[in-house]
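Structure first, then comments.
The values are calculated or read from the model by the stated rules, or taken from the named source; none is laboratory data. Quantities reported herein were computed from a predicted structural model and do not represent experimental measurements. Glycine also receives a Cβ, built like all others from the backbone with ideal geometry; neighbour counts cover every protein chain displayed. Calculation scope for accessible area: heavy atoms of the full protein, side chains included, ligands and nucleic acids excluded. Shrake-Rupley method; radii C 1.70, N 1.55, O 1.52, S 1.80 Å.
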Amino acid sequence: MNEMIIPILIGIVVGVVVGFVIAKILAKNSASSVIASAEKEAKLVLKEAEKEGESLKKDKLLQAKERFIELKSEHEKVILSKDRKLGEVEKRIRDKESQVSSELAKAKKNNQEVDAKKKDYDYRLDFLDKKKDEVDRLHKTQIDQLEVISGLSAEDAKEELVKSLKEEAKTDAMSFVQNSVEEAKLTAQQEAKKIIINTIQRIGTEEAVENCVSVFNLESDDVKGRIIGREGRNIRAIEAATGVEIIVDDTPDAIILSCFDSVRREIARLSLHKLVTDGRIHPARIEEVVKKTKKQIESEIAEVGKRAVIDLGIHGLHPELIKMVGRMKYRSSYGQNLLQHSREVAKLCGVMASELGINPKLAKRAGLLHDIGKVPEEETELPHAILGMQLAEKHGEKPDVCNAIGAHHDEIEMKSLLAPIIQVCDAISGARPGARRQVLDSYIQRLKDLEEIAFAFTGVKKAYAIQAGRELRVIVESERVSDDKAAALSFEISQKIQTDMTYPGQVKVTVIRETRAVNIAK
């Protein structure tokens, strides 16, 4: 069996070898034919490429020749243009040469004429020198003869003549000066009267006299009970929060707000209006509304200041000064509204400065700011004119404006014409009949002094003078002042008032101590 398999295997191997050899031969023949065809195609491609290269070469040569011809023609045009310009320049140069030659010829001729004139001038100068020497000699001879005749030397005669002329000139000068001074005084008085009268006639302002009470109108008397509250708690809360005395009497549909400070009075009026409109009136709501109203009044003060500055045409005023101008609305000077007074003074200053030929805008600026020393919130011992000058200097106002503010009550020396204008216009505004009430200012000052006495003691939080100065309500800090100390504080304040102040009647001192416990649920 094995002997039969071996010849079969050998036969298979021989067949595989023979097939492989035959496949190799066939593959070699096929590759040779492919290579031959590829070489043939490559030769054809090379021939075609050579033909295309020759044609491209010819085209490029033609294009190069055409470009060369174009560049050559352009170059020739440029050369022709430059030749033409050179010809024009040469022509201008020739013209200039001919012009210069003619000018030189004229100058040479003029030099000859000048030389001739110079010779003539020298001759005349020599002649004049000779004549001058001759005149001097004759003048000296005449002076010698006059000295012999008069018996005086030339110097003595000159002194006598000068002395007589001085006396005569002095007499004439004194007479002229006296007449001029009298005429100037008469003219100055007439002009001053004319300027002041014209200024007053051109300014028409309403009288604004401040009062110490405001009337708050109500829709019905039923609202009075809600304002008073249970056992008067609402009215006490309003008075404690605002420092304004609320008078509820038999006046139909109205209650009276009494306070010397117009800012407090306005805060109380607006707060009451909001409370009555809202309908919710209780102590917590009252305090909330009063706080919001105080912020509203502060923004309103800034807005009032802006409107006043814009109306007067004043620009570049510092924001702090604008706020002070706004605060003037809630201040008074001898019963005259301070903002109305300052606006009136500014207008008067502008007109008067225009009549005198001074900058009217600068005069208006100084007129508006002349009383800003009356409105700072901090109390000071300085006069309001000096304080106003310092505030103006602090906020960058010009020296003339600062000097006018400080000098309008003669506290300092006036350094410019602007200062007397401010002083005069301030007097004109305050001197109008009915413009001011002297008593009101002293009354307000007395109430302020009452409050200042209370603030001088430790632990005092708020102090309000009410009932026309007959009562002083003092609110103290409960953490710093005990009940016993509150009683002692009331006595001490009353003794201080009795010692330091003069006043009619009696002053009731009420010390209020309140303890609150507040927690927030989150």
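Based on protein heavy atoms only, the range 306-405 ends up with 42 Å² per residue of surface accessible to a 1.4 Å probe.
Which FRET efficiency value, to the nearest 0.05, is calculated for ASP133 and ALA107 with the Förster distance at 41 angstrom and r the Cβ-Cβ distance? The calculated FRET efficiency here is 0.60. Each peptide in 95-102, 346-353 was scored by the mean count of other Cβ atoms within 10 Å over its residues; highest first, the order is 346-353, 95-102.
So which of LYS374/LYS461; LYS292/LYS323; LYS361/LYS415; LYS224/LYS329; LYS294/LYS329; LYS291/LYS323 end up more than 21 Å apart, counting from Cα to Cα? In this structure, LYS374/LYS461; LYS224/LYS329 lie more than 21 Å apart at Cα.
Full extension of the chain between LYS96 and GLU492 gives 131.4 nm of extra length, using 0.36 nm per residue less the Cα-Cα distance.
Two decimals, Cα atoms only, Kirkwood Rh: what is Rg/Rh over the range 322-418? Across the range 322-418, the Cα-based Rg/Rh ratio is 0.95. Normalised per residue, the accessible area of the range 39-131 is 100 Å², obtained with a 1.4 Å probe and no contribution from ligands, DNA or RNA.
For the range 315-393, applying the loop criterion from DSSP together with a ceiling of 11 other beta carbons within 10 Å to the GluC sites (Glu not before Pro) yields GLU377, GLU378, GLU379, GLU381.
Cross-link partners of LYS65 among lysines, defined as those whose alpha carbon lies under 22 angstrom from its own and excluding same-chain residues fewer than eight positions apart: LYS51, LYS57, LYS77.
Heavy-atom accessible surface of the range 443-489, averaged per residue, reaches 49 Å², computed with a 1.4 Å probe. Close amide H partners of VAL511, meaning residues 5 or more places away or on another chain with modelled amide H under 5 Å apart, are VAL474. With each pseudo-label sitting 7 Å past Cα toward Cβ, what's the THR141-LYS448 distance in nm, one decimal? With each label placed 7 Å out from Cα toward Cβ, I get 9.5 nm.
Given +1 at the Cβ of Lys and Arg, -1 at the Cβ of Asp and Glu and no other charges, the dipole of the range 37-138 around its Cα centre is 220 debye to the nearest 20. Which lysines does LYS119 reach when only Cα atoms under 18 Å apart count, and residues fewer than 8 places away in its own chain are ignored? Of all the lysines, those that pass the test against LYS119 - Cα under 18 Å, at least 8 places apart if same chain - are LYS108, LYS109, LYS130. Spacing of the modelled spin labels on ALA254 and PHE455, each 7 Å from Cα toward Cβ, amounts to 3.3 nm.
Summarising the amide proton neighbourhood of ARG331: residues at separation of 5 or more, or on other chains, whose placed amide H is nearer than 5 Å comprise LEU338, LEU339. Projecting the Cα positions of ILE286, ILE310, ILE322 onto the charge dipole of the range 278-323 (unit charges on Cβ atoms of Lys, Arg, Asp and Glu, taken about the Cα centre) puts ILE286 furthest along the positive direction. Other residues within the sphere of radius under 15 Å centred on the Cβ of VAL89, judged by their own Cβ, net out at +2 (K and R +1, D and E -1).
Using every pair of distinct Cα positions in the range 1-115, the Kirkwood expression returns a hydrodynamic radius of 25.1 angstrom.
Ordering of 362-370, 420-428, 60-68 by packing is 362-370, 420-428, 60-68, highest average first (other Cβ atoms within 10 Å, averaged per residue).
Prolate is the label for the range 73-118. Its Cα gyration tensor axes, ordered a ≥ b ≥ c, give a/c of at least 1.5 and a/b above b/c.
Of the solvent-accessible surface of the range 234-301, computed with a 1.4 Å probe over protein heavy atoms with every protein chain present, carbon and sulfur atoms account for 52 percent. Its Cα centre serving as origin, the range 229-321 has a Cβ charge dipole (Lys and Arg +1, Asp and Glu -1) of approximately 380 debye.
Between LYS291 and GLU52, the contour length at 0.36 nm per residue exceeds the Cα-Cα span by 75.9 nm.
Any lysines with Cα under 27 Å of the LYS163 Cα? List them, leaving off those in the same chain fewer than 8 positions away. Candidates past the 8-residue exclusion: LYS140. Inter-label distance, ASP59 to GLU320: 8.8 nm, where each label sits 7 Å from its Cα along the C-beta direction. Using 0.36 nm per residue and subtracting the Cα-Cα separation, the extra length available between VAL17 and ILE69 on full extension is 11.0 nm.
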